[in-house]
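The values are calculated or read from the model by the stated rules, or taken from the named source; none is laboratory data. What you are looking at is a predicted structure, and each value in this text was computed from that prediction instead of being measured. Positions of Cβ are backbone-derived with ideal geometry, glycine not excepted, and every protein chain shown enters the neighbour counts. These area figures cover heavy atoms from the full protein model, side chains too; ligands, DNA and RNA do not enter into them. Shrake-Rupley method; radii C 1.70, N 1.55, O 1.52, S 1.80 Å.
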Amino acid sequence: MRKSIITTAVSAALLSSVAFHANAASDGPQGMYSADDIMDATVYLEGDTNEEIGDVDDILLNEDMKVSALVVESGSVLGLGGREIVVDTDYFSLETDTDGDDTEHRILVNASEDEVKSFPTYDRDWWEQTKANARDAWESTEEGVESAWQSTREAINPDDEAIEE
């Protein structure tokens, strides 16, 4: 039961966020996107679709369960030295190509080579700073608002009254 609730939450997050940026190469938007299908998708510069940046290594979700960024394992292209970079949703779109039952996703980064080189490295320092910033932002705006993650936690871990019934 837990897995299906979390899977539904992640699917909803992908649907609401990635689908917004999706471009279909052939048949139009597919309506629902699987994180599993997007993981390991090849990432290219939008201005030069022959310039491969790397592969999607992770999908980062925010408190609202929306895609906040992708983590791209860069390899040693563009002078990135094989690091993992964080690509914010403002900088990428999803291209979907469907051929029969086969669907292939590509991520296109709308940034220059210099901009890509300046993207933050995905490491513990970045993670801790981003979590602190998000927590501070949440605390300053949380009055009267419930976190989507909190709603999911409550659905997974119902209070004692519900268990006793």
Hey, can you tell me all the residues within region 43-57 that are exposed (fewer than 15 other Cβ atoms within 10 Å of the Cβ) and not in a loop (DSSP other than H, G, I, E, B)?
Asp48, Thr49, Asn50
List, please: which pairs have Cβ atoms under 7 Å, are six or more places apart or on different chains, and start with a residue in region 72-94 that is on the phi > 0 side of the Ramachandran plot and end with one that is open to solvent by 40 Å² or more (accessible area, probe 1.4 Å) and at pLDDT 65 or above?
Gly75/Gly82; Leu78/Glu113; Leu78/Lys117; Gly79/Lys117
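Which strands (runs of 3 or more DSSP E) does region 67-165 wholly contain that include 1 or more residues that are at pLDDT below 85 and open to solvent by 70 Å² or more (accessible area, probe 1.4 Å)?
Qualifying strands (runs of 3 or more DSSP E): 92-99, 102-109.
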